[in-house]
Structures are given as structure tokens and as C-alpha cells.
1. Going by how many other beta carbons lie within 10 Å of each one, how would you line up LEU76, LEU294, LEU119, fewest first?
2. Evaluate E = 1/(1 + (r/R0)^6) for ARG145 and GLN43, where r is the Cβ-Cβ distance and R0 equals 51 Å; express this FRET efficiency to the nearest 0.05.
3. What does the C-alpha gyration tensor say about the overall shape of the stretch 253-297? Classify as rounded when a/c is under 1.5, otherwise prolate if a/b is larger than b/c, or oblate.
4. Which value, in debye to the nearest 20, gives the size of the charge dipole of the stretch 220-373 about its Cα centre, when Lys and Arg are +1 and Asp and Glu are -1 at the Cβ?
5. How many angstrom lie between the Cα centre of the stretch 280-305 and the Cα centre of the stretch 241-275?
6. Grab the Cα-Cα distance for LYS54 and ILE358, subtract it from 0.36 nm times how many residues apart they are, and report the gain in nm with one decimal.
7. Once phi is turned into θ = phi - 60°, what whole-Hz ³J(HN,Hα) does the Karplus curve with 6.51, -1.76 and 1.60 give for every residue of the stretch 355-365, x standing for Gly and Pro?
8. Which ordering of GLU262, GLU183, GLU222 is given by a fewest-first count of other beta-carbon atoms within 10 Å?
Amino acid sequence: MSLILIVLTLFHRKVIKASKVFMITVYSIVFSLMISLPFRVDQVDFQFEPFFLKVEIILMVLIFAIGVLVHPIHKLIIIITNLSFIVVCFFLVDASYPVEKFVFYAIMVTGTGGMAYVLHTTFIRLTKDLRTANYKISHQNNELRKLNESKNQLFRIIAHDLKTPFAQLSMLVDLINATDNIEEKKELREMIKESATNGVELLDRLMDWAKVQSNPKTSELEKHKVSTVVNEVFNFMKQSSLTKEIELIADIPEHLELCMDEEMMQTVLRNLVSNAIKFSNRGTQIIVKAITELEEVSIKVIDQGIGIDKNILSDLLEYENKTSTIGTENEQGTGLGLSICKALIESQNGTLAIESSIGNGTTVTIEMPVRSC
């Protein structure tokens, strides 16, 4: 009794857990009952059978309780303890007490406890298996969700980049229909052919890139010249810039190389230059320049356009932001948000930031680490 009071006091003071209190209490009851037998057996009024039955019934109850509330191994400990108790009883009591009853109670308690142990351990194993299965299902669901988001992102990127050559073709067709000059028509036909060829080549590159991105394990960053990437983007955006009489200027060191995904970087820069053209007025310039520092390279896309309100700058980089703004000559939005550009840059270990104010143009800065692939 004193031990139980001490244990309860320790539990009240949060020194030990409730499971420990229960376990110590159970073993205290079990051993106190068993140890009391030698002291009672010589008493005149002592009746062995009622005492023995009481102990066996209490042990059966405790076998179930301690295993469920603490750990199933304690079922086996109490079973072994009970068998030892029965052997001791056999030698302490009058030989006239039937051996069959000792065997019966031994089998009953041991069999019941053993069955409870098997059932309990099976339940624990099944619960563990279920938890593992639930974790795997949850993990697979997360992977499927990520794959689905990546798929949707790829579709948006492909759709965005393909809009430019189609828009150029539509514009050139309108121009060729509006002129009667044979030389101009010839020149416009060449431009249509060039735009269509660019569109087909772009689609091929995007599809190849999409295959790689659908299996990220096969995607590796490689060294590429920044000037080559920027020139590809400028060639692609040539028709759009000429239409608005905007000059595209590249200020990139010829031999500057970065560890990057070339198609991914082209996609980002196409979108940034496209946005810059969209929000620039006629006769202005768009500059793409690279500044090399000790541990990183800054690629800046600078325009002299209408700028962006500081209050909405942070929203532009949010993934859920899908706001499309009309350009300076009523150009429609392409639907590829800057948030995706930011995500594409971050996947290459870089960062993307925007600086802008109304009437003072916009500067988008890509920071990429200088390191070997």
C-alpha cells in the first residue's frame, strides 16, 4: 500500500507516467497476494481453495488489463509468475487438495493469457501495418499532387510560349492583307515562314523539355553560355519587339557561363522579355544585362515601361495570383504568372526579385550562384 501511495505521489508531481503507475500497482497487487500465502497457510481458519480461486481470478483480470494498458509482454510475465505460484501452492498445501485442480487452473489462466497475448500482438502488428499503409498512401497522394501540379505548370508554360509565334503569324497575315506592295508581301511571307519555323522549333524544344521535367531524376543542371540563351530569346521575340519599335539590347559577357537548365532559363527570360515588351511604350529600350560578383551572377531584365504599383509587387510572385493586365497597346495577358518564373529559377538554385514603381519602368533580377555543376 505504501508503495502505491509513493507511486501516486510521483505521478501527481509528473515524475512518472500513468502507464508506469498502473504497471507498478498491478505487480504490487500480484506479488502481495502471492507472498501472503506462506504466512496464511498455517492459520487455523485459513481456507486455501477460496484464496487460491481469488488469486487466479484476479490474475486473469490483470492479464488482460496490463497487456492492453501497458504492453503485451506483461501478459507473459504474469503467466510465468502464476505458474510459479501454482507450483509453490502444490508443495505448501495439504496433499489432499486435488492435483487436477492445480492443472486445470494452470491451463485456464495460461491458455487464456496466451490467447490474449497472441490476439493483442496480432492487433498491434495489424495496427502498425495499417499505419504504415496509411503513411505510404498519404506519401503517394502528396507525390501525385506534386506531379499533377507540375503537369499543369508544364501545360501553362507550353501554352504561354506557343502563343507568341501564333500571335506573330496572325499579325503578319493582317499586314500582308493590308498591303498591295509586292516587295512588302514578299518580305512578309519570309517573315511568316520564319515565325512558323520558330514556332515548330520551339514546340519541339518544349516537348523534349517537358519529358525531362516529368521525370525530375533525369534532369541535371549543366554549364551554358548566358549570351547564347539571351540571343535565342531575342531572336524569338524579334517580331514582337519590331512591331512596337522596341530595341532589345543584350549586355552579356561573351564567355560568361552558368550552371542551369537551358530550356528552363529560356522559358523564364522569354516570359520576362515578353512582359517587358507588353508594358513598354513605342521607341523605348529593353536591356538584359549580366553582372558578375564573387559568388553569384545577376541577370537583370530592365525596361522603360509604365512600371508596377508597389502595393501589388508582392502579389505578383504569389503562386495563386492569376491576374492579367492589359499592355500599353491593349495586349492581352498570356496567363503565365511571374510566380512560375520564380519557381523555375528557384529549382535551379537561384532567386528572382522585382523592383518597380509607376512611371519608372521595371527591373527583374535573377540571382544565380557561380559554381560548377
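1. Numbers: LEU76 15, LEU294 5, LEU119 12.
If I rank by nearby Cβ atoms, fewest first, I get LEU294, LEU119, LEU76.
2. Working from the Cβ atoms, E equals 0.10.
3. oblate
4. The dipole of the stretch 220-373 has a size of about 440 debye.
5. The stretch 280-305 and the stretch 241-275 have Cα centres separated by 9 Å.
6. 100.5 nm is the gain from fully extending LYS54 to ILE358.
7. Once rounded to whole Hz, the list reads 10, 6, 7, 4, x, 10, x, 9, 10, 9, 10.
8. Values: GLU262 18, GLU183 8, GLU222 11.
Ascending number of Cβ neighbours within 10 Å: GLU183, GLU222, GLU262.
Coordinate-derived values only; no laboratory data. Since the model is a prediction, treat every value here as computed from it, not as a measurement. Using ideal geometry, Cβ is built from the backbone for each residue, glycine included, and neighbour counts are taken over all protein chains shown.
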